[in-house]
Amino acid sequence: MTKVTDHISKQKFMEELYRFKKGSITRRHFLNVTGLGAASAVMGAAVPSLLTRPAFAAGDIGDRVILATWPNYHDPANFEAFTEATGAHVQMNVFGSNEEMLAKLQAGGSGWDVFVPTNYTITTYVSEDLIEPLDTSMLPNYDPAAYDPRFSDAGSVDGKLYAVPKDWGTTGYVVNNNHTGGKKLTSWKEFWDMTMDSFSGRTMVHDYQLTTIGNALKYFGYSFNSIDEKELADAEKLLIDAKPHLFAISSDYQPSIRNGDAWMSMAWTGDGKQLNTDMPEIEYVLGVEGGEIWSDYYAVPKGAPHRDAAYALINFLLDPQVNAKEVLAHGYPTADAHTNKLLPESLLNDPILYPAQELLTALEFGAAVTLTDPNRAELMARFKSA
Amino acid sequence: MSIRTRNWLLLAPAGTLFLALLIVPLTVVLIFSFGERAPAGGVVPAFTLEQYANLPARWTAFKNTLTLAPIGTLAALLIAYPLAYFLAVRADPKWKTILLILVIVPFWTSILIRSYAWIFLLGGRGLPAILEWMGIDGVRLINTPFAVLVGIIYGYLPLMVFPIYVSLDRLDKRLLEASSDLGAPAWRTFLQVTLPLSVSGIATGCMLVFILLMGEFLIPAMLGGGKVFFVGNALVDLFLQSRNWAYGSAVAVALVVIMLITVTVYMRLISRLGASRDDVAIM
């Protein structure tokens, strides 16, 4: 802890809270200044009305836009700029798995305007009739030619554009090298073996079937996307054996890694980058066996209550100037050439964002079938309730 | 307007709510529980007992709930009773209101935020760090059943304190004097006068806490790190992750049935206890 202030003014608190709401990049700071963590979840809804609404010029899109996204995924300053320019406040809901997002949309009445699905889920959203084809006339900043197709292809289904690329990344793990006794970890085999040995009680896995099951499958060298019954049974056995040794099952692992309670956790690129920047002893590792490479997209659910604001927000975030700030904050690479031109050379050569080719080639994109496969879903639920 | 019509009219709002918010949803859950999981998640109608046959797969969740809920209730009772006794019988009337407000104050903050506070208190930089400073190393508290129990007791204590307080507050203090005048030592007065007369408060408090605990999911999720799993957590997972509404409904029905049985047995026991006390009183 750097500095603990024991009293802050109400206005200062709301400012800090608002910043924090926009992306927990400032989580540590927020916790230091206010001593509150979950305040955002409860008070979030109250925030927009507490901030004064500026005079609005660009055509009324309403006073708010509701974004469903992932932890530590945006630059709060960008949302403030969006509000200043349009008058619409960004209200953020944070999720830990694509399943959770799908469940909310399937149940109906999610109230979301924009959400951030991962590549392999988009076909399901389309077949379930849950997202709308994007009206590109409302997204002038979207330039399809600027994107590396590997990370933008999944946004189109049957020739229709349903989602535009946000950023991409990998799923590896972070490990605190202060506790490894000089050993350099390189594989998923070591991840699981250490968890059940010297790291007992110190490891976290995602609350997310795709990565937790997928990376357990990698222990045996199976495909990350396997739905083979025998292979899933092996993975389940490993997960159940490892469970008593886990510190927690959660997709929000930064706080525990930062305060030292957890020493190792499954992690996504940007969290690895953010942690490594603040704490050089935290290393981001991609298993030599492989694992996941993914691309996240912006999409608009059918019946979005603030549809105009949704498009305005996506368009705003696709602006290369804005997107560059996003990348600097969240630490995930973008596939947009325009944005990359604005980023510092050091970031474009960063080994966490852009892993060595031999590590990349072993990675797999998630497969659509894993999202709906009942065995994988039930395996994850059994593992958690074991 | 006849009295009958008027009574019906007065009952209508409650009746409508009861129907719309309890009977209808429960019926839907019951129907779902005989269905099957839709291919992409959700439910398709069917008539199968498959979901019920699969209930043992959530045995641990039921076991955790059925262990920690009674332990939590009992612990809350043991902590709440002396407090309620002090507030009702011993506290200076001048201070009583303030003390009572102090018991309620935590309710002004959401349980979510208060649980977050416990995450920090029980986490490595909280209590374990203090213990380490005192020379006790290697204590881990967060994400254990103990942490969940602490959260439960903390969260539900006021619900136990108040009913007991009310029953003790109504207690005729002259009975205590009479008992003492007749030569009973303090412990005997407590066991034979105070305690029996506060049974109704204890019963209400335990019931309130126990029923709510059986459906708890927030505290285990936050202080158990996803490792201490209640039926409530299993339900959240089945509806919000694996999207198996049919199985989720079966688990919910099972929970409701277990609660009905437990509460019925409990009520019987309490009324029998009450009855036997009356017998003693008559003798």
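The values are calculated or read from the model by the stated rules, or taken from the named source; none is laboratory data. Quick caveat: nothing in here was measured; it's all calculated off a predicted structure. Cβ sites come from the backbone with ideal geometry, for glycine too, and all protein chains shown count toward neighbours.
When residues of segment A:207-232 are filtered for being assigned to a loop (DSSP other than H, G, I, E, B) and within 11 Å of chain B (Cβ to nearest Cβ), how many remain? Give the steps one after another, and end with the answer.
First, pick out the residues of segment A:207-232 that are assigned to a loop (DSSP other than H, G, I, E, B): A:207-208, A:220-228.
In the following step, the residues that additionally are within 11 Å of chain B (Cβ to nearest Cβ) were identified as A:207-208.
Count: 2.
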Since residue B:184 meets every condition but one in (1) without any contact (Cβ under 8 Å) to a residue 12 or more places away in the chain; (2) in a helix (DSSP H, G or I); (3) surrounded by 16 or more Cβ atoms within 10 Å (Cβ to Cβ), which condition does it not meet?
(2)
Six or more apart or on different chains, Cβ under 8 Å: which pairs go from a residue in segment A:194-215 that's on the phi > 0 side of the Ramachandran plot to one that's part of a helix (DSSP H, G or I)? Could you list them?
A:201/A:245
Considering residues of segment B:34-60 that are exposed (fewer than 11 other Cβ atoms within 10 Å of the Cβ) and either within 14 Å of chain A (Cβ to nearest Cβ) or among the aliphatic types (A, V, I, L, M) (or both) only, the residue nearest to the chain's Cα centre (by Cα):
B:56
Inspect segment A:307-317 for any residue being buried (at least 24 other Cβ atoms within 10 Å of the Cβ), more than 25 Å from residue A:349 (Cα to Cα), at pLDDT 95 or above and among the β-branched types (Val, Ile, Thr) and give the result as yes or no.
yes
Could you list, in sequence order, all residues of segment B:221-249 that are hydrophobic (A, V, I, L, M, F, W, C) and facing chain A (nearest Cβ under 7 Å)?
B:229, B:234, B:238, B:239, B:240
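Within segment B:102-112, how many residues are aromatic (Phe, Trp, Tyr) and loosely packed, with under 11 Cβ neighbours inside 10 Å?
Initial filter on segment B:102-112 (aromatic (Phe, Trp, Tyr)): B:107-108.
Pick out the ones that are also loosely packed, with under 11 Cβ neighbours inside 10 Å and you get B:108.
Total satisfying the criteria: 1.
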For the condition more than 14 Å from every other protein chain (Cβ to nearest Cβ), of a type outside the set (A, V, I, L, M, F, W, C), in contact with an Asp or Glu (Cβ under 6 Å, 6 or more places away or on another chain) and in contact (Cβ under 8 Å) with a residue 60 or more places away in the chain, what is the one hit in A:118, A:170, A:186?
A:118
Go through segment A:96-124 and report how many residues are buried (at least 20 other Cβ atoms within 10 Å of the Cβ) and closer than 21 Å to residue A:332 by Cα.
12
For segment A:364-385, how many residues meet the condition of being in contact with an Asp or Glu (Cβ under 6 Å, 6 or more places away or on another chain) and surrounded by fewer than 19 Cβ atoms within 10 Å (Cβ to Cβ)?
0
Exception for residue B:99 within (1) surrounded by 12 or more Cβ atoms within 10 Å (Cβ to Cβ); (2) in contact (Cβ under 8 Å) with a residue 24 or more places away in the chain falls at (2)
Residues that are away from every other protein chain (no Cβ under 14 Å) and either assigned to a loop (DSSP other than H, G, I, E, B) or of a type outside the set (Asp, Glu) (or both), drawn from segment A:361-386:
A:361, A:362, A:363, A:365, A:366, A:367
In segment A:233-264, residue farthest from residue A:331 (Cα to Cα) [restricted to those that are within 9 Å of chain B (Cβ to nearest Cβ) and out of contact with any strand residue (DSSP E or B) (no Cβ under 7 Å at 6 or more places or on another chain)]
A:244
Go through (1) in contact with a Ser or Thr (Cβ under 9 Å, 6 or more places away or on another chain); (2) without any contact (Cβ under 8 Å) to a residue 40 or more places away in the chain; (3) within 30 Å of residue A:218 (Cα to Cα) and name the single condition residue A:324 misses.
(3)
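Considering every residue within segment A:196-204, establish whether at least one is among the acidic types (Asp, Glu), in contact with a Ser or Thr (Cβ under 8 Å, 6 or more places away or on another chain) and at pLDDT 95 or above. Walk me through it before giving the result.
Step one: of segment A:196-204, the residues among the acidic types (Asp, Glu) are A:197.
Now drop any that are not in contact with a Ser or Thr (Cβ under 8 Å, 6 or more places away or on another chain), which leaves none.
Taking every residue of segment A:196-204 in turn, none turns out to be among the acidic types (Asp, Glu), in contact with a Ser or Thr (Cβ under 8 Å, 6 or more places away or on another chain) and at pLDDT 95 or above.
Based on this model, can you work out whether residue A:299 counts as touching a Pro at 6+ places or on another chain (Cβ under 6 Å) and away from chain B (no Cβ under 14 Å)?
Numbers: touching a Pro at 6+ places or on another chain (Cβ under 6 Å): yes; away from chain B (no Cβ under 14 Å): yes.
So residue A:299 fits the description; yes.
Can you tell me which residue among A:358, A:326 is at negative phi, part of a helix (DSSP H, G or I), among the acidic types (Asp, Glu) and under 16 Å from the mean Cα position of the chain (by Cα)?
A:326
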With respect to residue B:228, is the statement that it is at pLDDT below 95, among the β-branched types (Val, Ile, Thr) and under 25 Å from residue B:67 (Cβ atoms) true?
yes
Out of A:69, A:86, report the one residue that is among the polar types (S, T, N, Q) and surrounded by 24 or more Cβ atoms within 10 Å (Cβ to Cβ).
A:86
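If you go through segment B:18-33 one residue at a time, do you hit one that is among the hydroxyl-bearing types (Ser, Thr, Tyr) and crowded, with 20+ Cβ neighbours inside 10 Å?
The first filter runs over segment B:18-33 and keeps only residues among the hydroxyl-bearing types (Ser, Thr, Tyr), leaving B:27, B:33.
Checking which are crowded, with 20+ Cβ neighbours inside 10 Å leaves us with B:33.
Looking for residues that are among the hydroxyl-bearing types (Ser, Thr, Tyr) and crowded, with 20+ Cβ neighbours inside 10 Å, one finds at least one in segment B:18-33, hence yes.
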